[in-house]
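The values are calculated or read from the model by the stated rules, or taken from the named source; none is laboratory data. Only a predicted model underlies this, so the values are computations on that prediction, with no experimental measurement involved. Because the Cβ atoms are built from the backbone with ideal geometry, glycine has one as well, and the counts that use them run over all protein chains shown.
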Amino acid sequence: MERNELIVRKLGNLVFAIAAAAFVGSTGVASAEPASEGQPAPPAPAPPPTFSPFMPNSSQGWCPGGGNGGFTGLGYCDGIRYPDGSYWHQVRFEVPFAGSQLTLTCVVDNGSILPPLAPPGGCGGAV
């Protein structure tokens, strides 16, 4: 097979792949039909669930027990404390070549930078 034939064949395959992707991506939208006058509209989707005050979510900036969050979510984020003093502690950090890493642990506050793990029964019985 000559070099020019190989290039033409590869370009043909590329054009076919792009056309197929465009067709598949557009079929779902093209087939949607609005409700007619005699039929009721489909039900509205359920509202999103609210965040639990005990469970932090650093990527959404939800840190009711303290910490930071936001778009990057880097750092720590805490939930509010349970009656026994335990709470959920989320830490997000970057690792080279691996990306963002996330840990979520049930801990107790002893005043240190690295709080120790909660005993069994902590965080509302989750551990």
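A compact table of results
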item	result
Residue within the stretch 82-90 that is part of a loop (DSSP other than H, G, I, E, B), modelled with pLDDT of 85 or more, loosely packed, with under 15 Cβ neighbours inside 10 Å and charged (D, E, K, R) present	yes
Residues of the stretch 91-118 satisfying the condition of being in a loop (DSSP other than H, G, I, E, B) and in contact (Cβ under 8 Å) with a residue 24 or more places away in the chain	D109, P115, A118
G69, sole failed condition from (1) closer than 21 Å to V127 by Cβ; (2) at pLDDT below 70	(1)
Residue count for the stretch 44-54, restricted to those that are closer than 15 Å to T105 by Cα and either surrounded by fewer than 17 Cβ atoms within 10 Å (Cβ to Cβ) or at pLDDT below 80 (or both)	0
Some residue of the stretch 48-70 being in contact (Cβ under 8 Å) with a residue 24 or more places away in the chain and part of a strand (DSSP E or B)	yes
